[in-house]
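The numbers here are math on the coordinates, done by the rules we state, and not lab data. Just so you know, these numbers come straight off a predicted model, no measurement behind them. Positions of Cβ are backbone-derived with ideal geometry, glycine not excepted, and every protein chain shown enters the neighbour counts.
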Amino acid sequence: MTIQETKAPTGYKINPELFIRQIKVDEATGSITTFNEIEVPEPRDTVYGNLTIYKTADDSKRGANTAKDVWFNVKSDDGVTDTYVVTTSKGLDGEVTLTNLPVYKASGEYVNYTIKELGYKNADGTYSVPDRYVPPVERTVTLKENVTLSFYFANRLQKTGLIVQKESEDGIVSGFYFSVKSDDGKTNKVLVTGEDGTAHLTNLAVYNTSNEKVKYTIDELGFKNADGTYYFPAKYVKPAAQTVTLEDGKSFVVTMKNLLKRGSVELLKTDGNGNPLEGIEFELYNTKTGIVNVINKNSSIMYEAADSKTADTVTKLVTDSDGRIIVNNLLPGDYYFIETDSKGNMPYAGKINFTISPDSLDTLDIQLTVKNNSVFIPETGGTGNNRPMYIEIGAAVLAFTILVGAIGLGIRKKKKSIGKKAQQ
């Protein structure tokens, strides 16, 4: 039997020796010992390659080439190369070439070159990449013999998105238009909210060419008319425009909330002669939601309507020494007062109705005067120009009572006289 090694362990030479063995019956298994010399690679001639760095920038333009004067460090993993180079202008881009770079190490393996962008050179000798760019990523490359390889580095402007989130007290959030303008004049867009109340704008620059953050102003336009103009509903308080700056990597959310306009009501309670009545108690109702919970601040005549019942809310409204009750923060709607305790005075028995409407100041702030034994007409707007009219009904009620009494007396007398005739 002939035995010869065909593959040596890594790093060793193949042993070319032939081993001849004869195997006999019932002979014990034998072994063969071989020796491998350490393989020493033959030194090879140094070969070279070339490397070109090609630089681009999103904001590079004629007369303002931002891809030139950009510094790079090129370093090899064998420690032979560690050099700094700077790009020169090539059209709107920049480039720099390094020549005669070794392709192989002494061991025969490829040399790895790491190319790192340093940015622009500062006056103090340090380097920096402007904040407006996405931070560059270094690259590790190998070269080819007698070939110039190009490697591209692009300065991408930091860009992100903007989301306008619409909220509204009455739940209406779709179909609202917004303008978005940047202070550098490069963005002037109009957005409209969808069914979910959001509007999206993408690809917005975070920085301007001066490396300052771009400011974006978002302003609500309202709904769109058929002629392309916009109108803002009178029932809302128009939200203030918002100015924001953005961050790279995540969309910025701007919340714009439409608050319904609030109104107020002032009630004056007087006696039949117009004198104010103190301590008269009322309750206030909304025709749709029921009794109105209020907060009485500092035990004054000023009440503020609350959104819900809490430990701080009350429902009893009491006139002050001037006979007044004032309730603020009332949402648009139909309301009425009920006089619940007249303190011995003649109460107003019916509902004292009024409406809060955002259509004008006259219908948003209401004034009412409730006079004993009088029918009232509400005064709106608080201007003092339209005074309430009163119809005195006390005398009429009294006259009606006397008349009914007289008729009753006559009937009784007639019955009585009829009875006397029957007795005769």
Any chance you could run the full-extension gain for VAL253 through TYR336? It's 0.36 nm times the residue separation minus the Cα-Cα distance, nm to one decimal. 25.7 nm
Ranking LEU277, MET256, LEU201 by how far each Cα lies towards the positive end of the charge dipole of the range 166-303 (+1 on Lys and Arg Cβ, -1 on Asp and Glu Cβ), the top one is LEU201
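Taking R0 as 35 Å, what FRET efficiency do you get between LYS238 and ARG156 from their Cβ-Cβ distance, rounded to the nearest 0.05?
Computed FRET efficiency for LYS238 and ARG156: 0.35.
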Percent RCO, i.e. relative contact order, over the range 179-319, from Cα pairs under 8 Å lying at least 6 residues apart: 15
Once phi is turned into ³J(HN,Hα) by the Karplus curve 6.51 cos²θ - 1.76 cosθ + 1.60 with θ = phi - 60°, what whole-Hz value does each residue of the range 206-222 show in order, with x for glycine and proline? 7, 10, 8, 5, 8, 6, 10, 5, 6, 9, 10, 10, 10, 10, 7, 9, x
Among the listed pairs LYS181/LYS235; LYS186/LYS235; LYS61/LYS250; LYS224/LYS309, which are separated by more than 32 Å between their Cα atoms? LYS186/LYS235; LYS224/LYS309
Under a point-charge model restricted to the Cβ atoms of Lys and Arg (+1) and Asp and Glu (-1), what is the dipole moment magnitude of the range 35-181 relative to its Cα centre, in debye to the nearest 20? 780
How far apart, in nm, are two points set 7 Å out from the Cα along the Cα-to-Cβ line at ASP78 and at THR6? 3.5
For the range 48-155, averaging the sequence separation of alpha carbon pairs under 8 Å that lie six or more residues apart and dividing by its residue count, the contact order in percent is 38
